[in-house]
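As C-alpha cells, the structure follows; a few thoughts come after it.
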Amino acid sequence: MPAGGYLLIHLIEGETITPLLLARRFTINPVLIILAVVFWYWMWGVPGAILAMPMLAIAKIVCDGIQPLAAFGHFIEG
C-alpha cells in the first residue's frame, strides 16, 4: 500500500504537475528537438537519443545566461 501510494504521487507529480509548470516558462523549438534527437542518436545511439533533450535544454540555459550567445538562445527557443 505505501509503495503504491508513493508511485501514484510520483506519477502525478512527474508526469503532470512539473511539465505543466515548466511548459509555461521554458519553450524549445520542436524542429530542433527532433534534429537533436536524430543527431545524437546517430552519434551515440540510444544513450544519445535519451540525452539529446537535456543537452539542448542545458545549451539554451547557458546561451540565455551569456550575453554574446543570447541570439542563439533565442533561436533555440523558437
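The values are calculated or read from the model by the stated rules, or taken from the named source; none is laboratory data. It should be emphasised that the depicted structure is a prediction, and the values quoted were computed from it without experimental measurement. Neighbour counts are summed over all protein chains in view; Cβ atoms, including those assigned to glycine, are modelled from backbone coordinates with ideal geometry. Note: accessible area is taken over every heavy atom of the protein model, side chains too, but ligands, DNA and RNA are not part of it. Shrake-Rupley method; radii C 1.70, N 1.55, O 1.52, S 1.80 Å.
What the table shows:
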quantity	calculated
Search result, residues across segment 1-46 that are part of a helix (DSSP H, G or I), open to solvent by 100 Å² or more (accessible area, probe 1.4 Å) and modelled with pLDDT of 85 or more	Pro2, Tyr6, Leu8, Ile9, Ile34, Leu35, Tyr41, Trp42, Trp44
Count of residues meeting criterion [assigned to a helix (DSSP H, G or I) and exposed (fewer than 12 other Cβ atoms within 10 Å of the Cβ)] in segment 62-78	4
Residue ID - nearest to Gly78 (Cα to Cα), chosen from residues in segment 32-52 that are free of Cβ contacts under 8 Å to residues at least 24 places away in the same chain and within 13 Å of the chain's Cα centre (by Cα)	Ile33
